[in-house]
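A short worksheet on the structure shown next.
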Amino acid sequence: METKQNPVKAIRKKCLDCAGESAREVLLCPIESCALHPFRLGKNPFRRPRSLTKEQREAARERLKHARAALTTENEAASFSPVY
């Protein structure tokens, strides 16, 4: 069974293969006519950064705070083992 891979990460692997597994050579790749060239560093240069409103940022902050609290509580419960 083959696992799915992020397309940009797959392009990075292909570029490493083309450059003899040298990350430095991928960085310095002179073949700008290659369709993969903009993606060679494993990032999508055309992706816009997320812009959140103040309310969205606050809501995300609250969700993260609650998720971290739940994890802490869960970890504390799992680490408790009564001694008999």
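What net charge do the residues around R68 carry, taking every other residue with its C-beta under 12 Å from that of R68, with Lys and Arg at +1 and Asp and Glu at -1?
It works out to a net charge of +1.
Run lengths n ≥ 4 of DSSP H only: what is the helix-derived mean residue ellipticity at 222 nm for the chain, with -39500 (n - 2.57) per run over all residues, to the nearest 500?
Rounded to the nearest 500, it is -16500 deg cm²/dmol.
How many lysine pairs in the chain, separated by 8 or more positions in sequence or lying on different chains, have Cα atoms less than 28 Å apart?
Close lysine pairs under the 28 Å cut-off: 8.
Within 10 Å, count the other beta carbons around each residue, average over each peptide in 18-31, 55-68, and list them highest first.
Going by the mean number of other Cβ atoms within 10 Å, highest first, we get 18-31, 55-68.
Give, in whole angstrom and from largest to smallest, the semi-axes √(5λ) of the equivalent ellipsoid of the range 1-79, with λ running over the eigenvalues of the Cα gyration tensor.
Calculated on Cα positions only, the semi-axes equal 39, 20, 11 Å.
Laboratory data are not the source of any read-out in this text; all were calculated from the coordinates shown. Since the model is a prediction, treat every value here as computed from it, not as a measurement. Every residue, glycine as well, gets a Cβ built from its backbone with ideal geometry; the counts of neighbours run over all protein chains shown.
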